[in-house]
Amino acid sequence: MPKMKTHRGTAKRVKVTGTGKFKRHHAYCSHKLGSKTAKRKRHLRQGAIGTSADVKSLRKLIPYA
């Protein structure tokens with residue numbers, strides 16, 4: 001059986017923590033920032049943990065993480 005390939009697009013966007021959770025970035029923080037409040041932009045800069053609904057599909061995309 002050949003080795004499974006890692007989905008490189010997902011691997012560049014999602015990192016796996018030491019406990020096996022998936023860390024990701026927030027959306028809506030790249031342009032049109034003038035209309036967003038400072039508090040909203042500050043919170044969007046922080047990383048986020050992927051939801052449990054996405055874990056099954058992420059494990060297939062990043063099999064060796």
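The values are calculated or read from the model by the stated rules, or taken from the named source; none is laboratory data. What you see is a predicted model; the values in this text were computed from it and never measured. A quick note on method: Cβ atoms are made from the backbone with ideal geometry, for glycine too, and the neighbour counts reach across all protein chains shown. Heavy atoms of the whole protein, side chains included, go into the accessibility calculation; ligands, DNA and RNA do not. Shrake-Rupley method; radii C 1.70, N 1.55, O 1.52, S 1.80 Å.
Of all the numbered requirements in (1) at pLDDT 95 or above; (2) over 16 Å from LYS60 (Cα atoms), SER30 misses one, and that requirement is (1).
Flag set for HIS25, criterion: open to solvent by 60 Å² or more (accessible area, probe 1.4 Å) and either in contact with a Gly (Cβ under 8 Å, 6 or more places away or on another chain) or modelled with pLDDT under 95 (or both). Note on region 34-65: residues that are open to solvent by 60 Å² or more (accessible area, probe 1.4 Å), farther than 29 Å from MET4 by Cα and either of a type outside the set (Lys, Arg) or touching a strand residue (DSSP E or B) at 6+ places or on another chain (Cβ under 7 Å) (or both) total 6.
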